[in-house]
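The structure under discussion appears below in the form of structure tokens.
Values quoted throughout were computed directly from the atomic coordinates according to the rules given, and no laboratory measurement underlies them. Given the structure is predicted, the values throughout are model-derived calculations rather than measurements. For neighbour counting, all protein chains shown are included, and Cβ atoms are generated from backbone atoms with ideal geometry for every residue, glycine included.
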Amino acid sequence: MTDLVSAHRDGGVVSVTLNRPQKKNALTGEMYEALLAAFETASDDEGVGALLLSGEGGVFTAGNDIGDFLASAQSAAKESASTPASRFIRALARFEKPLVAAIEGQAVGIGTTLCFHCDLVYAAPSARFLMPFVNLGLVPEAGSSMLAPMRFGRARAAEFLLLAEPFDAETAREIGLVNAIVPAEELRAHALGKARALAAKPRAALLATRRLMRGESEAVYAHMDAELGEFSRALRSPEAKAAFTAFLEKPKA
């Protein structure tokens, strides 16, 4: 596993941490592969009852590393469904055990959309959520174009997906994406405590209750596949190419 993603067992919890703070934990293909391995290990280990996601350096993730993402998409013969990012999105949605996230600082793109698949999400006051897909000439992923209207209502979802407006921790709590806002110095310990509490529950009852709460999953999977098809086409569009070129040429602070 790359040292840019750490995963360790803490009792019945697997804690997975993004560890590329110098790049705001922007995700590379190698990091997605490490996340996939961690999810697979947690899924197969009967002693694991929950998985916790967090980021180092006061940031959750700035989303995909654009340069790495474009190279990965091109090497996948222009088929976005086969990229590490797409495979991780599918694994995230199909993971059967409880997921907990601790969000601090930026949560861009997948940093926000993965929260739709988490059972508990805790945020520091610094958390800032953003789904900038349209701004990049792309469409949403991880089922967010279906799950955001279901969670927030169509009007609020339009603010976050069509206008691509950012929102803060308090808004995320208000609309039900975040369970609670926790001081940064207490965030990881608080989220880990909740993950441990989940892992300590009677396993069969916990997993059955989670399945019942999530309802019919096939519609979500089908919607995710439709998003990936649109995403693949959009990725090759002039609008996306122009947006990515402008991003990559932008002077870095």
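Data overview
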{"item": "Amide H partners (placed H, <5 Å) of C118, local residues excluded", "result": "none"}
{"item": "Length released on extending from E165 to E30, taking residue separation times 0.36 nm less the Cα-Cα span", "result": "45.7 nm"}
{"item": "Simple Cβ-charge dipole of segment 1-50, Lys/Arg +1 and Asp/Glu -1, about Cα centre, in debye nearest 20", "result": "400"}
{"item": "Cut-off under 5 Å, modelled amide H: who pairs with V5 long-range", "result": "N19"}
{"item": "Rg ratio (alpha-carbon, reference 2.2 N^0.38 Å) - segment 1-60", "result": "1.09"}
{"item": "Charge dipole (debye, nearest 20) of segment 5-185; +1 at Cβ of Lys and Arg, -1 at Cβ of Asp and Glu", "result": "420"}
{"item": "Share, in percent, of DSSP beta bridges within the chain that are antiparallel, nearest 5", "result": "30"}
{"item": "Inter-label distance, nm, simple model (7 Å from Cα along the C-beta direction), Q22/N135", "result": "2.6"}
{"item": "Where labels lie 7 Å past Cα in the beta-carbon direction, separation of R203 and A155 in nm", "result": "4.6"}
{"item": "Ascending count of other beta-carbon atoms within 10 Å, so fewest first, for L114, L4", "result": "L4, L114"}
{"item": "³J(HN,Hα), Karplus 6.51/-1.76/1.60, whole Hz, each residue of segment 98-104, x for Gly, Pro", "result": "x, 10, 10, 10, 10, 10, 10"}
{"item": "Folded to 0 to 90 degrees: helix 29-44 orientation relative to the chain principal axis, Cα", "result": "30"}
{"item": "The chain - Rg (one decimal) and Dmax (whole number), Cα, Å", "result": "17.2, 53"}
{"item": "Inter-label distance, nm, simple model (7 Å from Cα along the C-beta direction), A71/E174", "result": "4.2"}
{"item": "Radius of gyration and Dmax over the Cα atoms of segment 153-241, both given in Å", "result": "18.2, 52"}
{"item": "0 to 90° range, to nearest 10: angle between helix 66-75 axis and the chain longest Cα axis", "result": "80"}
{"item": "On Cα atoms only, tilt of 84-94 relative to the major axis of the chain in degrees", "result": "40"}
{"item": "R211-T41 FRET efficiency (beta carbon distance; Förster radius 30 Å; 0.05 resolution)", "result": "0.90"}
{"item": "For the chain, calculated [θ]222 nm from helices alone, where every DSSP H run of n ≥ 4 adds -39500 (n - 2.57)", "result": "-15000 deg cm²/dmol"}
{"item": "Ordering of 208-215, 40-47, 122-129, 171-178 by burial proxy (mean other Cβ atoms within 10 Å per residue, highest first)", "result": "122-129, 171-178, 40-47, 208-215"}
